[in-house]
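Below is one structure, written out as structure tokens, with a few remarks after it.
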Amino acid sequence: MLSLSGIIVINASNHEKAEFFRYLVAGFSAVGTDLVTYWLCLGWIGPSPAKAASFLSACCVAYAMNKFYTFKAQSHSWIEISKFIGLYATTFLLNVAVNKGVIMLAPQLNPYLTPYAYQMGWLMATGVSTIVNYLGQKFWVFRKTNDSGPGSIDSQANG
């Protein structure tokens, strides 16, 4: 069972702890790619195109690192790529919704939280999307299977 309190994983096997650590390394690498790409492109193409380029670059890094490094997935599947894109699109929307919800609700729950609403929104949104992305990739996108089903690139190349 995974339980996150800070970055402490309780009741997890050594394999699961190592896998989660690799996920964090991949995540920090993707965030670093996002930041560097954004700042390199910002003055050249403007903020919105720079953010689009940095987000897409970070997604490519996240896919490659999580597939081969974190989850050590060996299959080559168009379905897997589609699942990854769907998961990231869903968690992007979840991230924005959680951020907005916390920003709106925090001051109503306690007026003393008002100056911290944006930081709390970012932190909660990032935490929720990180956990959902990890679980989605582990149990859905890069789930270990032993077949080369109809959606695999291997079966399309051979058939």
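Under 14 Å from a label point 7 Å along Cα→Cβ of I81: give me every residue in segment 48-70 with its amide N that close. So the set is 60-61, 63-64. Remark: segment 50-57, residue by residue, has Karplus-estimated 3J(HN,Hα) of 5, 5, 4, 5, 5, 5, 5, 4 Hz, where x stands for each Gly or Pro and the curve is 6.51 cos²θ - 1.76 cosθ + 1.60 at θ = phi - 60°. A simple spin-label model places the labels of V25 and L105 3.6 nm from each other, with each point 7 Å out along Cα-to-Cβ. Near S77, the amide H atoms lying under 5 Å from its own belong to I153; only residues 5 or more places off or on other chains count, and H is placed 1.01 Å from N. 3J(HN,Hα) along segment 37-45: 4, 4, 5, 5, 8, 3, x, 8, 10 Hz, from the Karplus curve 6.51 cos²θ - 1.76 cosθ + 1.60 with θ = phi - 60°, whole Hz, x for Gly and Pro.
We did not get these values from a lab; they are worked out from the coordinates using the rules stated. Just so it is clear, the structure is predicted and the values come from calculations on it, not from any experiment. With ideal geometry, Cβ positions are generated from the backbone for all residues, glycine too; neighbour counts draw on all protein chains shown.
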